[in-house]
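**Student:** I'd like to ask some things about the structure below.
The values are calculated or read from the model by the stated rules, or taken from the named source; none is laboratory data. Computed from a predicted structure; not experimentally measured. Virtual Cβ from ideal backbone geometry, glycine too; neighbours counted across all protein chains shown. Quick note on the areas: whole protein, heavy atoms, side chains included, nothing else; ligands and nucleic acids left out. Shrake-Rupley method; radii C 1.70, N 1.55, O 1.52, S 1.80 Å.
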Amino acid sequence: MREASNIDALQEGGTFRNTLWKRIQAVVTPMLAHLVAISDRDQNLDLLLDKNCGTSLKKLWLHIFGDDKLLQIPPLSQDSNSESRTILVQNYITPKMRIGCCLPFSWRIRDYLEDMWVHALQHESQTPLQFDDFFWSTPVGLFIVKEDQDTQIEFYHRYLQDFVSLTMNVTCEEEMQLLKGALNCCVNELKIKLEATDRPISLSWIHSAYHEFKNRLQNLSRMMCIEPQVTRDLLRNPNSKDGPEMILDVYAAFACVEHLEPMALNTDNQRQTWLRQVHKLQVPIELVCCEDSVRFYGERSQTIVAEDAWNRIFCLSLFVEHMLVGIEELGNQLLPVVLEHSQKLWQILERNTNMKTKEAFETVIVLLKSCKDGAVECIFRFGLPRCSVCIGDPQDPICLPCQHIYCLHCIRQWLVPGRCTVLTACSQLTMTFMSKINIHAQFRRRCNAFFVDLVSSMCFKDNSPPSSKVIQDLLSFLMLESNPVPMAGVLSAQRQRKFVTKEFSPFDESLDKSPVVRSVVLKLLMKYSFDTIKKYLKHHLSVVEESNFLDSTEKTELYSLYINCFEDSMFEKLSLVDESDFLADLSVDSQSLNSATVDCLQLVARVRLDLNMAAGLLIKGTTAETQEFQAVGAFLESVKAFCTLSKNNWYRVYLIRKIGNQHGVEHVQNLLKVQQMSWLFPEEILQKGEEAQMDLFLVCGPDYQTIRNAVAKVVMDGTVEGLDETCEICRCVNQSRAVFLLLALYREVTTWYRERSASLHPKPEQINLWMGYIQNSKVLTSPELRAFAQALVTNQLGPLSLRPTLSGTQCVLIELTVHLAAVLLCGNQGILGPLKQLALAPASMQAAFLPSMPEDMVAVVQQAMGGLRWYVCPNGHPCAIGECGQPMERSRCVDCHVLIGGENHKPEPGFQVTQLQGDRTQTGHILGHPGRRNTPDMLDTKSLSPVSFTVVRMVTHMAMLFGVCKNAKIISNMIKPQVPDPGEFLLAHLEEDQKHLIKSLGKGADDAISSAHLIINSLLHPSQQQTSGYDNLLSTSKSRNNWETEMSTLIAPLLKNLDRQLKEVNTFIRSDDRISASPIMKVLFGDPRLFLGSLPENSLVHCSAIWSCREKVSLVGLTHILEQNDGKDALPVLWRFLHREAEYRLVKFLPDILTLQKNLVKKFQNVGKVCDTIAAFLQSQQSVHLKSWYEQHIKIFLTTWNTLRVFLATNGEIKLPLEFCDQDFDLRCDFRVLLPSRRGPGLCSTALVSYLIALHNDLVYSVDKLNGEETSYKVSPADLTDLHVIRYELDRDLMPLVLSNTQYSIEKGQETLHEFDLPKIQHQIVSRFLLGKPLITLTGIPTLINRHERNYEIILKDVKDKIKQVTLQNLTQCAVSTELDSYSEVCDALATVEIVLGFLAMTGGDPCMQLSIYLEEVLKMAKQTPPHILKALGMCSLKHCAALWQLLGSLKSQGLLKLKRAADWFLLQNSADSFLLEMHEFLVLVLNKPIATDTFKPQWGLKDTLVSYMERKDMDVPPDVEELFPEEICLSHYVEAWKFCVGFKQERTLRL
C-alpha cells in the first residue's frame, strides 16, 4: 500500500486501483520469471512436453525441481523498479548446435558433480571408484539406482551428450557424435584400467574420464577444427562410437598425417601452403605421438600411433623449409637439384625415420652431401675452388700463376717473408666468380641450417639420446683430420698430420683459422641424465685433450666450458634438502673434487650452484618460522661446514666473489665486520682488519683522482694552499674541474659524517677552513656551486645527508645523486634542461609529464594517426578511417580478423563509430609504492631499450631527490598519491632502479653503478643534439617522449662500448693506491694464491678461473643483447616476447579466471543482493572444499589484477575509472569487482579478461606474421582450457630454454666466450609455447547482466538488425499523441512497446505486421493491454517500433516536466519535432550513462555533437538546425536549455 500510494506511482498509474495492481504485478512477475529462467535453462522445460521422453525422465525432472539441495533458487530482492527488470535466461550449451539439454537440469548435475570432484581432489587417496560410490549416495544417484538398467543407460547417454555440449566447443552434429564416442571410449578405458567393468554405468564415470583424458579430448577437438576433413574420415571408423579404449585422437593424428602427404612442391607458393598446414597441425600431432603421451596409451593406441609417418612428414618439412623455399632467389639452376633430392629424401624416409639410429641418420647426411655436391656442379663448371691452406671458401681470393686460388691472408701467412714476389703476378678474380662463391656460401648455410635443425629436433627429441654411433658422428663433425699445405722452409720430415676444428657441420669446409672448442653437442647431450651421457662426455674431453688444440695452461678454460654446460643443465633442478645432504657427504670426501675428470667437473658445477644459492640466502634470508626457514637454516649450516671441513679456501673465495658480484665490494667489506659471518673469510683476511672504501667516482678519470688527492692533502695538512693550483693543472675544462672538486669534497669530507663516532666527523675548524676556501674558490664560480659545496662540507643536504644508519646501498645511491647534482649545477641546458628544472626549479614542473612515467598508449596511437574517424570492430578493437570518415571498402581487423569497413558509406554489421577516448596520461610521479615496481605496467619501456629506460627513470628520481633538499613540499605535491616523506620514497625507488639496472645490464652491482656514473659523467659534455622536439618544462606527453628518445639516443653509443669502458675503468679503480693492497680486492679481482697459503697448488680444477663468477643470465639482460644485435627486425617474435614477457607469463591464469567468472555468474545472475567484501563471500561458503577452491581462484585473480592494474588504466582497450586502478585489491575490497559486468566495479573483471585475451592474441598474430599465415583456429572464452593458452613457467621452462641455447667456445689464446643463439631461442619459444595456439574471441566472456540494465542502445540495434525500421509520419505522431492524452497512458504504452522491443531484439518478425496484432496473437497480451492503448499502437507496424519508442519516451519526459518533475539529463533541442525526438533518444541511450562525461566533454558544442550523432545514423539533418541553431551552446547548458524549449513548446501549444 505504501508503494502504491507513492505520488510518482499514482501519476504514472492514473488511479489508485490501477497503481495497486501494477505494484502487485511488479512483485509477482519477477518471481515467476526468475523461476522460469532457472527452470528453462538450455530449453529444460521442453523435456516435459517432449513426447519422446519417458515417464522416468519426467519424474527425474520433477525430482530435481523439488529438491532444494540440488536446485537452489536464490531469493529475489524487491524494489520499486520491478516492472522494468530483465530476467536473463542463461544457456550453457553452446548455441552453435541450436539444441537443448537431453537430461533434466544437466547443467546443475554437472556443477554438482564437479563440486564433488573438487572435494575428491582435496583428498588424494580418493579414486574414481570411491567417487562413483559417493555418487550413488547423492539425490540423483539414489533416484537413478531405482530405475531399470535400460533407463540408467538412457540417462547415461543423455548426460554424455549434455556434458560434451557443456564442456567442449561443438560446432556440428558430426563433431558431437565423435566427441560423445571419444568420451564414452575414455570411460570404458578408465573402467578397464581400474578393473571396474562389472560396475554399473553411472554419470560419475563421465566426470572421472573427462578429467583423466581432458588433454587428449581437447586435442582431438583441435585437430577436427584445424582439418575439417578429419571429421569425415573418423565418422567412417567403426570405433568412433564405442570401444574398449580411447583411440580416436590417434586415428585423427593418423588422418592428419595422411592429408599432409605432399602432392606437389614445384612452386614456392605450393611449398609455403604445405608448410603452413604442417605448422598448424604440428603441435596436436606431436602431442599424440610424443613419448610422454604414448606411455599412457592403451595397448591398441600404442600399436597404431603414427609416429613414423609423422617423423617422415616433419623431416621433409625441415628440408623444404631450409633448402627448397626461396631457392629460386639463388638461381633457377639449383631448383631441379633440390627438388630431386627432396623426392629422394621422401623415399628414404619411407624405410626408416628414426634419426636416433645410425642407419637413418647417415643416410640423410649422405643425401645432404649429395645435394650440396649437385649444387656445386651447377654453380661451378670445374668443381668447387677451395683455398688449399684453410680448405674453405676463398676470402679475398687471388689466383696464382699456377691457377690455384687462395685466400689473400692465407697465402701471405704461408709464404716465407722476403719471398713474396710471386704475389705480384697474382690476378684478381671476376665479379661473376665472386658471385658464384657467394651463392655457394648461401647454399651451404641452407644445408647447415637443415642439419642443425634435424639434429636438435629429431636426433635429440623425447627422453632418450641417439645411439652411440650417431653421437660419435656428431662429435666428429666438430673437427677434421687435416694434411696441411707444406710451409716454406719446413722439412718434410717435420710435417705431421694434425686435427683442425671447424663449425658444427657435416661438410669439411669453413675450418677455423685457429682452433676453437665448441659446446654445441655437449649442450644437446646434457638434456639427458648424467649417467646416460657420461661415457660420451669422457670421450669428447679425452679427444680434445689429446688433440693438442690447447696448451696445458689453456686447459683450465676447457674445464670451465664443461662446468658452465653442467650448470646450465642443472638449472632449477636442485632442492635445499638434497643439497644439504650432498654437501655433508662431500665434506667428508672432498678429494673427489681434485681431478680433472668429467665426474669431478660435474661435482664442481653442482658445488658452484650450491654456493650461488648460499650467497643469495646469506643476504636475503628469511624471517618466518616455517618449514622453508628450517630448510634454509640447515642448508646454510651445511655450506658453513663444507667450507670449514674441506680445508680448501677456494670455496670461501667463490662465495665472497659471488656476494661481491651481486651486491658490491662495500657489502663484502661490511660483512667482514659481522662476527657471525667470520667463517666466510679466510684467516689471512680476518687478520688485516679495516678495509678502505672503493671510490667509484674514479670513473671520471685521472683528473678527478688528482683533485681528490689534493683535497685529501688539505684534510691531512689543514691548509688549502695549492688546491686551486692543482685544479688548474688538470687539463679538463672548467666545468669538469668544478664537478670533480665537488665530488672530491663529498668523498674526502662528507663521507666522514657516516661514521658512528662523532669524534671522526669534520671538526669546526676544518669546516671553517673549507667555508673560507669555498667563498674565494676560483673553481666554484657561481653562488649555486658554492652553496652546494658548503652543504657538502656541513652535511646539510636534506635527504642526501649522510648518517650512520644508512645502508651501503643507500649511500651508493646518494653518491650517484651527488654526482648528478654536480653535473646539473655545472652543465649547460640542452639535454639537461628538464632535469635542471626538476631539481633546481620544481615549482615550474608542477604540470610536467615526468620522464619514464606510464602513459595512455591508446591515446598515443590516436594522436599519431591524426584527424581520423574512429570505429570499433564487432569485437571492440579500434580502427580508423581517413578522408571523409565513411567506409568505402571492406577489410579485416588486424586484431581479430573479422570483417570490417563497408561499401558506399554503409558499414558492415557490428562495425560502429566510436568516440575518441580522452588522453588518460597523468602528470607528475605516478609509479606509486616502490614495492610494485616489478609489475608489468612498471616494466613497460615505451619502445626504449631496458637499459636506456632504466637510466632515464633513474636520473629522474635523482633529480627529484636533489630537488627535495630545498623544495620538499613542491616535490611532494608532484607525487601521486602524496607520501609523508618524499626523500625516503624517492630513495626507495632508486633502490628499485638499481636492481632493474643490474638485471638490464646483466652485470654485478658495482659494474651497474659504475655504468651509471659513466653515463652521468657523459651528460656533462653531450654531443650536439637537436632540442626542438621538447621543452624544458615537459608540458605535454609528446614533449616528454621526445626528451626520453633523445636521452636514449645520447647514451646509446656509450652502451654499445660499455664492456670495453667498464674493463678500462675497473682496471683504473682497482689500481688506486688506497685499495690496491686490500686483501678483499685481491680476493675479488686478483689471484688469491699470492697471499692465501691454504689454497691447493698446481691444480687445474682449483684455480682462480674455475672459481670465478659468471655473469648471471636474465631475460632483461638477454633483451639488452638482442637490442645490441639489432634484433627488432631480424627476430620480431623474440623482440616482442622479451619486451612484454612479464605480462605474457600471466596469460596462463586466463582459464582459471574465466572459470571463476563463470561460476560467479551462475551463482549471482538474477540475484539482487551480493556480499559486501570478498572476505565476507568466502566466509559465507559452508563447504570447506568449495571455500578452498574459491580462495585459490580469487587469489589468482587478485594477484593478476594487482600486477596489471596500472597498465590496464593506461593501455587497456576498456576504459576503467581511475579510482579502480589507484590501489591494489585484497580480500577487503568490494566483492563486485569479481563479478564481470559492463559497468560499475565488475568492469574490472571484464577488463582484466579482455586484456589477457589481447596479450595472448598479440603473440599469436606475431607468430602468424612470422610464418606468413593466418590462423583460422579460434576458440571462445566459454570453451577455453589450459591447452589453448600460452602457458609456461619462468624458472622451469623459459630460463632452461635460454640457457640450453647459450653456447660456449674456446679459441686458442683467448678466454671462454659465450653467446646466445638468438634465432634458435626464438624458434624454440615459438615451437614450444606459441605454435598451434588458437585465437581467443571476445564473444563469450562471462558477463553478469544486471536486471536493472535495459540497454536500449543495444536493444534498438538488435531490432534494427532483424527488422528494418522507418520513421513515423508527422500525421501518425500527432494521432498517437492525441490518443494518449494522459501521462499514465503514455507510461503504459511505453512499457508495452519496451516489452515488444525486448522480444523483437531476440526473435525478429514481419516488418509489416500491425503492432496490435503482434500483441494479441504473438505475445498473447490482449487482456493485459487496455483497448485504447491497443488502438493507439495499432496505428503502427513492427517497422515503426524504434520511432514509436522515441516518440513515447519524449512524451513521457515532456509530461514529467509539465508535472514539475524535470528530467536529469544534459541536452537542448530546436523547435523541430523530429529533431527533438532524436535528441531525446540520444539522451536516453548515450548521455544517461554514468561515464558519459568521459566521452562527451561538457565544453563540446551542442550542435556539432548532435549533428554528428544523426549523421552516424545515416539521417538527414533538418536545414533549420544547420542554419539557426546557436553555435555557442555547449553540452553543459543542457538542463536549462531543454527546460526552456519544452516549456516554450507547451505554452505555444496552449496558446494555439
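**Student:** Filter segment 223-259 down to residues that are assigned to a loop (DSSP other than H, G, I, E, B) and not aliphatic (A, V, I, L, M), then give me how many there are.
**Tutor:** Quick first cut of segment 223-259, residues assigned to a loop (DSSP other than H, G, I, E, B) only: 227-228, 236-247.
Going one step further and asking which of them are not aliphatic (A, V, I, L, M), we end up with 227-228, 236-245.
Counting residues in segment 223-259 that are assigned to a loop (DSSP other than H, G, I, E, B) and not aliphatic (A, V, I, L, M) gives 12.
**Student:** Let me ask something additional. Given the criteria open to solvent by 10 Å² or more (accessible area, probe 1.4 Å), modelled with pLDDT of 85 or more, of a type in the set (A, V, I, L, M, F, W, C) and over 26 Å from residue 279 (Cβ atoms), does residue 1227 qualify?
**Tutor:** Values: open to solvent by 10 Å² or more (accessible area, probe 1.4 Å): yes; modelled with pLDDT of 85 or more: yes; of a type in the set (A, V, I, L, M, F, W, C): yes; over 26 Å from residue 279 (Cβ atoms): yes.
Yes, satisfied.
**Student:** Sticking with this structure for a sec: Please go through segment 1125-1163 and give me each residue that is open to solvent by 20 Å² or more (accessible area, probe 1.4 Å) and closer than 27 Å to residue 31 by Cβ, ordered by number.
**Tutor:** Within segment 1125-1163, 1158, 1159, 1162, 1163 meet the criteria.
**Student:** Suppose we filter segment 669-701 for residues that are more than 40 Å from the chain's Cα centre (by Cα), of a type in the set (S, T, N, Q) and either surrounded by 13 or more Cβ atoms within 10 Å (Cβ to Cβ) or part of a helix (DSSP H, G or I) (or both); how many remain?
**Tutor:** Selection size over segment 669-701: 4.
**Student:** Among the residues that make up segment 250-270, is at least one of them under 22 Å from residue 452 (Cα atoms), within 33 Å of the chain's Cα centre (by Cα) and surrounded by 19 or more Cβ atoms within 10 Å (Cβ to Cβ)? Give the derivation first.
**Tutor:** Initially, segment 250-270 is screened for residues under 22 Å from residue 452 (Cα atoms), giving none.
No, because not a single residue in segment 250-270 is under 22 Å from residue 452 (Cα atoms), within 33 Å of the chain's Cα centre (by Cα) and surrounded by 19 or more Cβ atoms within 10 Å (Cβ to Cβ).
**Student:** Would segment 468-476 turn up any residue that is at pLDDT 85 or above, within 26 Å of residue 605 (Cβ to Cβ) and in contact with a Ser or Thr (Cβ under 9 Å, 6 or more places away or on another chain)?
**Tutor:** Scanning segment 468-476 turns up at least one residue that is at pLDDT 85 or above, within 26 Å of residue 605 (Cβ to Cβ) and in contact with a Ser or Thr (Cβ under 9 Å, 6 or more places away or on another chain).
**Student:** In this structure, is residue 1108 surrounded by fewer than 18 Cβ atoms within 10 Å (Cβ to Cβ), modelled with pLDDT under 85, more than 30 Å from residue 839 (Cβ to Cβ) and in contact with a helix residue (DSSP H, G or I) (Cβ under 9 Å, 6 or more places away or on another chain)? Give the steps one after another, and end with the answer.
**Tutor:** Values: surrounded by fewer than 18 Cβ atoms within 10 Å (Cβ to Cβ): yes; modelled with pLDDT under 85: no; more than 30 Å from residue 839 (Cβ to Cβ): yes; in contact with a helix residue (DSSP H, G or I) (Cβ under 9 Å, 6 or more places away or on another chain): yes.
No: the conditions fail for residue 1108.
**Student:** Another question, if that's okay. Starting from residues that are over 13 Å from residue 1444 (Cβ atoms) and of a type in the set (A, V, I, L, M), keep the ones in segment 1349-1408 and report whichever is least open to solvent (accessible area, probe 1.4 Å).
**Tutor:** 1401
**Student:** Restricting attention to segment 789-807, which residues are of a type in the set (Ser, Thr, Tyr) and either within 25 Å of residue 768 (Cα to Cα) or crowded, with 21+ Cβ neighbours inside 10 Å (or both)?
**Tutor:** First pass over segment 789-807, keeping only residues of a type in the set (Ser, Thr, Tyr): 794, 801, 805, 807.
Of everything in segment 789-807, those that are of a type in the set (Ser, Thr, Tyr) and either within 25 Å of residue 768 (Cα to Cα) or crowded, with 21+ Cβ neighbours inside 10 Å (or both) turn out to be 794, 801.
**Student:** Step by step: first the residues of segment 259-276, then only those that are touching a residue at least 40 places away in the same chain (Cβ under 8 Å) and of a type outside the set (A, V, I, L, M), then the one that is nearest to residue 221 (Cα to Cα). Which residue is that? Talk me through it step by step, then tell me what you get.
**Tutor:** Step one: filter segment 259-276 for residues touching a residue at least 40 places away in the same chain (Cβ under 8 Å), giving 260-262, 265-266, 268, 271-272, 274-276.
Next cut, of a type outside the set (A, V, I, L, M) only: 261-262, 266, 268, 271-272, 274, 276.
Details: 261: 22, 262: 24, 266: 33, 268: 31, 271: 27, 272: 25, 274: 22, 276: 19 Å.
Result: 276.
**Student:** Also, I was wondering about something else. From (1) surrounded by fewer than 17 Cβ atoms within 10 Å (Cβ to Cβ); (2) at pLDDT below 85, pick out the condition that doesn't hold for residue 1206.
**Tutor:** With respect to (1) surrounded by fewer than 17 Cβ atoms within 10 Å (Cβ to Cβ); (2) at pLDDT below 85, residue 1206 is out only on (1).
**Student:** All but one of (1) touching a residue at least 12 places away in the same chain (Cβ under 8 Å); (2) more than 38 Å from the chain's Cα centre (by Cα); (3) open to solvent by 10 Å² or more (accessible area, probe 1.4 Å) hold for residue 197; state the number of the condition that does not hold.
**Tutor:** Here residue 197 meets the rest and fails (1).
**Student:** Mind checking whether some residue in segment 779-799 is in contact (Cβ under 8 Å) with a residue 24 or more places away in the chain and farther than 24 Å from residue 959 by Cα?
**Tutor:** Narrowing segment 779-799 to residues in contact (Cβ under 8 Å) with a residue 24 or more places away in the chain: 779-782, 784-785, 788-789, 791-795, 797-799.
Next, only the ones that are farther than 24 Å from residue 959 by Cα stay: none.
The answer is no; no qualifying residue exists.
**Student:** Could you tell me whether residue 523 is more than 27 Å from residue 646 (Cα to Cα), part of a helix (DSSP H, G or I) and within 41 Å of the chain's Cα centre (by Cα)? It would help to see each step written out before you state the result.
**Tutor:** Details: more than 27 Å from residue 646 (Cα to Cα): yes; part of a helix (DSSP H, G or I): yes; within 41 Å of the chain's Cα centre (by Cα): yes.
Considered against the rule, which asks whether it is more than 27 Å from residue 646 (Cα to Cα), part of a helix (DSSP H, G or I) and within 41 Å of the chain's Cα centre (by Cα), residue 523 comes out as yes.
**Student:** Give 853, 857, 888 a once-over and let me know the one that is surrounded by fewer than 19 Cβ atoms within 10 Å (Cβ to Cβ) and at pLDDT 70 or above.
**Tutor:** Values: 853 fails: surrounded by fewer than 19 Cβ atoms within 10 Å (Cβ to Cβ); 857 fails: at pLDDT 70 or above.
888 is the lone residue from the list that is surrounded by fewer than 19 Cβ atoms within 10 Å (Cβ to Cβ) and at pLDDT 70 or above.
**Student:** Could you count how many residues in segment 808-850 are of a type in the set (Ser, Thr, Tyr), closer than 19 Å to residue 798 by Cα and open to solvent by 10 Å² or more (accessible area, probe 1.4 Å)? Give the derivation first.
**Tutor:** Going residue by residue through segment 808-850, those that are of a type in the set (Ser, Thr, Tyr) are 809, 817, 844.
If we keep only those that are closer than 19 Å to residue 798 by Cα too, we end up with 809, 817.
Filter once more, so that each one left must be open to solvent by 10 Å² or more (accessible area, probe 1.4 Å): 809.
Qualifying residue count for the region: 1.
**Student:** Taking residue 733 as the residue in question, decide whether it is over 47 Å from the mean Cα position of the chain (by Cα), open to solvent by 60 Å² or more (accessible area, probe 1.4 Å) and β-branched (Val, Ile, Thr). Steps first, please.
**Tutor:** Numbers: over 47 Å from the mean Cα position of the chain (by Cα): yes; open to solvent by 60 Å² or more (accessible area, probe 1.4 Å): yes; β-branched (Val, Ile, Thr): yes.
So residue 733 fits the description; yes.
**Student:** Would you please name the residue that is nearest to residue 826 (Cα to Cα), looking only at residues in segment 748-788 that are charged (D, E, K, R) and open to solvent by 30 Å² or more (accessible area, probe 1.4 Å)?
**Tutor:** First, pick out the residues of segment 748-788 that are charged (D, E, K, R): 748, 754-756, 763, 765, 778, 784, 786.
In the following step, the residues that additionally are open to solvent by 30 Å² or more (accessible area, probe 1.4 Å) were identified as 754-756, 763, 765, 778, 784, 786.
Values: 754: 26, 755: 29, 756: 32, 763: 28, 765: 28, 778: 14, 784: 9, 786: 11 Å.
So, considering only residues that are charged (D, E, K, R) and open to solvent by 30 Å² or more (accessible area, probe 1.4 Å), the one nearest to residue 826 (Cα to Cα) is 784.
**Student:** Can you name every residue in segment 223-249 that is of a type in the set (A, V, I, L, M, F, W, C) and either buried (at least 16 other Cβ atoms within 10 Å of the Cβ) or under 25 Å from residue 311 (Cβ atoms) (or both)?
**Tutor:** Filtering segment 223-249 down to residues of a type in the set (A, V, I, L, M, F, W, C) leaves 223-226, 230, 234-235, 246-248.
Passing the criteria: 223, 224, 225, 226, 230, 234, 246, 247, 248.
**Student:** Moving on to the next point. Scan segment 603-631 for residues that are at pLDDT 85 or above and more than 20 Å from residue 1112 (Cβ to Cβ) and jot them down.
**Tutor:** Scanning segment 603-631 gives a single hit, 603.
**Student:** Being modelled with pLDDT of 90 or more, open to solvent by less than 20 Å² (accessible area, probe 1.4 Å), out of contact with any Cys (no Cβ under 8 Å at 6 or more places or on another chain) and not in a loop (DSSP other than H, G, I, E, B) is the requirement here; does residue 320 meet it?
**Tutor:** Here the answer is yes, as residue 320 does meet what is asked.
**Student:** Being over 17 Å from residue 613 (Cβ atoms) and part of a helix (DSSP H, G or I) is the filter here, so list the residues in segment 633-652 that pass it.
**Tutor:** 644, 645, 650
**Student:** Only residues that are over 34 Å from the mean Cα position of the chain (by Cα) and within 17 Å of residue 851 (Cα to Cα): list them for segment 957-970, please.
**Tutor:** Listed by number, the residues that qualify are 962, 963.
**Student:** Report whether or not residue 803 is of a type outside the set (Ser, Thr, Tyr), in a loop (DSSP other than H, G, I, E, B) and over 19 Å from residue 1019 (Cα atoms).
**Tutor:** Considered against the rule, which asks whether it is of a type outside the set (Ser, Thr, Tyr), in a loop (DSSP other than H, G, I, E, B) and over 19 Å from residue 1019 (Cα atoms), residue 803 comes out as yes.
**Student:** A further question on this structure: For segment 147-191, give me the residue count where each residue is surrounded by fewer than 19 Cβ atoms within 10 Å (Cβ to Cβ) and either within 27 Å of residue 56 (Cα to Cα) or without any contact (Cβ under 8 Å) to a residue 60 or more places away in the chain (or both).
**Tutor:** Residues of segment 147-191 that are surrounded by fewer than 19 Cβ atoms within 10 Å (Cβ to Cβ), as a first pass: 147-154, 157, 171-174, 176-177.
Filter again for either within 27 Å of residue 56 (Cα to Cα) or without any contact (Cβ under 8 Å) to a residue 60 or more places away in the chain (or both), leaving 147-154, 157, 173, 176-177.
Of the residues in segment 147-191, 12 are surrounded by fewer than 19 Cβ atoms within 10 Å (Cβ to Cβ) and either within 27 Å of residue 56 (Cα to Cα) or without any contact (Cβ under 8 Å) to a residue 60 or more places away in the chain (or both).
**Student:** State whether the residues of segment 1071-1082 include one that is in a loop (DSSP other than H, G, I, E, B), open to solvent by less than 70 Å² (accessible area, probe 1.4 Å) and of a type in the set (Asp, Glu).
**Tutor:** yes
**Student:** Can you name every residue in segment 1357-1391 that is modelled with pLDDT of 85 or more, assigned to a helix (DSSP H, G or I) and touching a Leu at 6+ places or on another chain (Cβ under 7 Å)?
**Tutor:** Correct list: 1359, 1362, 1373, 1376, 1377, 1386, 1389, 1390.
**Student:** Quickly run through segment 1301-1343 and pick out the residues that are modelled with pLDDT under 80, in contact with an Asp or Glu (Cβ under 9 Å, 6 or more places away or on another chain) and outside any strand (DSSP E or B).
**Tutor:** Matches in segment 1301-1343: 1308, 1309, 1310, 1311, 1340.
**Student:** Still on this structure, I have one more. If residue 1261 meets every condition in (1) under 30 Å from residue 274 (Cβ atoms); (2) free of Cβ contacts under 8 Å to residues at least 60 places away in the same chain apart from one, which number is that one?
**Tutor:** (2)
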